[in-house]
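The values are calculated or read from the model by the stated rules, or taken from the named source; none is laboratory data. Not measured: the values here are computed from a predicted model. Quick reminder, even Gly has a Cβ in these numbers, built from the backbone with ideal geometry, and neighbours come from all protein chains shown. Heavy atoms of the whole protein, side chains included, go into the accessibility calculation; ligands, DNA and RNA do not. Shrake-Rupley method; radii C 1.70, N 1.55, O 1.52, S 1.80 Å.
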Amino acid sequence: MTYANIILPLPLDGLFTYTIPDALAPKVQVGVRVIVPLGKSKRYVGIVAEYPITPPATEKGIENGEKKIVYKDILEVLDATPVLLPQQLRLWYWIADYYMSPIGDVYKAALPSGLKEQDGYRPRTELYIRLADNFRNERALTLVIDSMKRATKQVDVLMAYLQLAGVDEMDQISPKTEFREVTREELMNVTHASIGIIRALLDRKILVTYEKEVGRLNHGSPSRPENMKPLNEAQTEAYNQILIQMMGHRVTLLHGVTSSGKTEIYIHLIQKAINEKKQVLYLLPEIALTIQITERLKAVFGDQLGIYHSKYSDAERVEIWQKQLSDNPYSVILGARSAIFLPFHRLGLIIIDEEHDQSYKQQDPAPRYHARSAAIVLGQMYPEAKTLLGTATPSMESYYNAKQGKYGLVELTRRYKDIQLPKIEIVDIKDLYRRKIMKGAFSPRLLSAVREALGRGEQAILFQNRRGFAPMVECRQCGWVPKCPNCDVSLTHHKNMNYLSCHYCGYTMKVPDVCPCCESEDIRGRGYGTEKIEDEISFIFPEARIARMDLDTTRTRNAYERLINDFSAGKSNLLIGTQMITKGLDFDKVSVVGILNADSMLNFPDFRAYEQSFMMMSQVSGRAGRKGKQGLVILQTKSPNLPIIQQVVHNDYQSFYNDLLVERRDFHYPPFYRLIYVYLKHRDENIVNTAGLELGSRLHEVFGDRILGPDKPAVARVKTLSIRKIMLKLEIGIDYARVRQSLHNTIHELLKDKRYGALQVYFDVDPL
Ligand code: ADP
Ligand code: ZN
Ligand code: ZN
């Protein structure tokens, strides 16, 4: 009897042990999928993680001493060869371990559904038609055609089939004749024949049908390295520097201003890797960016390029996965976060573009992993692989690592063709509001800049980091604000559909006609979301062709592509958006960018607020004036004198970094300390409160002053669950594995208390 340990797609720690029936034993190996029973009637697709193993024969019974364990049989082995390579499995373990999330959750995040479900993925098949074997000679065929004299339509269809199959003359036909394959659809299109006529030919057994698997993946054109643009002097210098830095470092940071031509440098590095028969993983934080960069990469790498992200259908993702396992995998994978899980045989280069971007961190559900960190770890599992981080605004962590010499560092300070960086003008809106000369959310200066740009046939971008119409509505009589019944937040107004919605749980309701408290009808929105910006600006510029890009307008891959392509092609000329539009998009004719409200970002109660704001403002500014002349950015703020605003204006990353580093050191934050948040959730506020206090004091006994809290987070109830948060601040160099073990143990002890049966506890490691 042999045994295996299996990973199941369940949010449970650890592996599950099963027995392998002798008949299946030859097929079992690490990395294949198996169907296993669980409980009374459930079945799951699991992954063999360890095989063979020696399981414990007995366990301690609670009162009866030793008790023999009876393991269940696996039922079926689904794969002839593993769907996971050893490196992928190691990455799963690392993520589960480091981010303290169950391995089953990692499995769920990593594999496309089609590979996780018992009858998930179906290969796409097409119906083909061919001449039956009996008629594959001239005599038999002529005879049967003669006998069909009155069924002229059938004869026509048969002749059309022969033509499509590449047979022009009847006397060519013999059992050895090679027929081109013809699909039923093709035949129907050519002949305009009804399905009935084709069926008649099938009934006469003259034609027969068969099914054939066809891939969903597009077959691109062959690669054309000659389409690579030659690098200019500064780029060549950076390229060479990168290669030098990579000799001494596993990870190198390319800090290059916006439009310095980083992407072109990546393309050259990718081509070099391909020449050396290595594979490349190119990560981007946002699907919108993959859409734009796809064209540039396709032109050079053709059908060696595969694209992988969540807006692709699951079946397509399964096919990419399988192609990566095959003998003919893609050389380059361009993808968002989840592409780190794809199998690679010979990974040689990982590019993490816009490495500062917080979309690389998965927030919910578990595993709450950072794709940048995970990709770096993945790279270390391939002996030859190097990782390149690229950005105009490095994250504090990465820049610190580079400055410490842990990462290589290459700086590129000039824009391609020396296009000037945009001019950033500050507009003090506090003063303008007081003097009542703001027009809604717009200063006169911003409006005139946009008007001039549009008048010259150029484009403008307006950045407002909130979607919806208004973040809240309010009764002007009594101050009543509609709140989500499930969460501690006010509801966002979406005016187009005239409803209120909760951005945490999705709850919606109609906007009430009268206030339920005072029956006043004066209920109005407060604050600005992208929808309201769109609404107001379309009154001011009725001629403008306005587009809006936020979560609400980009639910599908096509919607995304259309928005970006339309703006690129000039079909729209005024783009309004949330942080989505700040990210590395490359538009030619944008001459004005408006940042509508810097303060809402800066005032966000989080230690990363300044870092995030600086990056968003710098990035969105970088969209202005990419080709031709200098762009203009209008930065509206109520606090024009803050040093960080000046640093944005002067594109002064160094001062920004130095200032923030001092703050991070003094207040014990990354990169000097590592954070872990422990979250507790329960329906009952009292229980979560007591549990939080108790856990806090237990952890304090172990970790001392490294523990802060419990606290109520900014949104203290989500989806009817009340939340408490405990923060751990860990000095660098602490034995991190022991910390995790103590954390797990302490929580395990806490959860033995019957009162906490339904308490949910989870971790956010390296939170953003
Ligand atoms: P970044 O990635 O640093 O923001 P890009 O690579 O997108 O910069 O380059 C900005 C623009 O300059 C793009 O339109 C790109 O095609 C062009 N460009 C950059 N380098 C070259 C080059 N060596 N030859 C021709 N065009 C280039
Ligand atoms: Zn009221
Ligand atoms: Zn809600």
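I'd like the accessible area for Arg456: 1.4 Å probe, protein heavy atoms, all chains in place, Å² to the nearest 10.
For Arg456, solvent-accessible area is about 120 Å².
Can you say what percent of the DSSP beta bridges in the chain, counting only those with both residues inside, are antiparallel? Round to 5.
That works out to approximately 55 percent antiparallel.
Over 31 Å between Cα atoms: which of Lys386/Lys583; Lys67/Lys681; Lys27/Lys386 fall into that group?
Result: Lys67/Lys681; Lys27/Lys386 exceed 31 Å.
Rounded to whole Å and sorted largest first, what semi-axes of the equivalent ellipsoid does the C-alpha gyration tensor of the range 2-116 yield via the square root of 5 times each eigenvalue?
Output for the range 2-116: semi-axes of 23, 18, 13 Å.
Per residue, how much accessible area does the range 125-213 have with a 1.4 Å probe, in Å²?
Spelled out: the 1.4 Å probe surface of the range 125-213, per residue, equals 63 Å².
Rounded to the nearest whole Å², what accessible area per residue is found for the range 673-765 with the 1.4 Å probe?
In whole numbers, the range 673-765 has 50 Å² accessible per residue.
Return the equivalent ellipsoid semi-axes of the range 673-765 as a descending list in whole Å, where each equals the square root of 5 times an eigenvalue of the C-alpha gyration tensor.
Over the Cα atoms of the range 673-765, the semi-axes work out to 22, 15, 11 Å.
Place +1 on the Cβ of every Lys and Arg and -1 on the Cβ of every Asp and Glu in the range 673-765, take the dipole about the Cα centre, and give the residue among Ile732, Ile707, Gln760 whose Cα lies farthest towards its positive end.
Gln760
Could you sort Ile173, Ile197 by accessible area so the largest value comes first, with the probe set to 1.4 Å?
Ile197, Ile173
What ranking of Leu12, Leu231 comes out by heavy-atom accessible area, probe 1.4 Å, highest first?
Reading off the accessible areas and sorting them downward yields Leu12, Leu231.
List the aspartates and glutamates whose Cα sits under 15 Å from the Cα of Lys72, skipping any in the same chain fewer than 8 residues away.
Asp22
Between the range 690-766 and the range 594-627, what is the C-alpha centre distance in whole Å?
32
Carbon and sulfur: what percent of the range 491-593's accessible surface (1.4 Å probe)? Walk me through the numbers before you get to the answer.
Working: 2270 of 4960 Å².
Carbon with sulfur: 46 percent of the solvent-accessible area.
Counting alpha carbon pairs within less than 8 Å and at least 6 residues apart, what relative contact order, in whole percent, applies to the chain?
Across the chain, relative contact order equals 10 percent.
Within the range 125-213, what whole-number % of the accessible surface is contributed by carbon and sulfur, with the 1.4 Å probe and all protein chains included in the calculation? Don't skip to the end; give the middle numbers.
Values: 2590 of 5580 Å².
Roughly 46 percent of what the probe reaches on the range 125-213 is carbon or sulfur.
Would you mind telling me the share, in percent, of accessible area of the range 2-116 contributed by carbon and sulfur at probe 1.4 angstrom?
Carbon and sulfur atoms account for 55 percent of the accessible area of the range 2-116.
Measuring with a 1.4 Å probe in the full set of protein chains, what accessible area per residue, in whole Å², belongs to the range 471-526? List each step's numbers first, then the result.
Numbers: 3180 Å² over 56 residues.
Counting only protein heavy atoms, the per-residue value for the range 471-526 is 57 Å².
Go ahead and estimate [θ] at 222 nm for the chain from helices alone: -39,500 (n - 2.57) per DSSP H run with n ≥ 4, summed, over the residue count, rounded to 500.
Working: 23 runs with 254 residues, N = 768.
Calculated from helices alone, the mean residue ellipticity at 222 nm is -10000 deg cm²/dmol.
Of Thr290, Thr191, which has the most accessible area and how do the rest follow, probe 1.4 Å?
If we order Thr290, Thr191 from most to least accessible, we get Thr191, Thr290.
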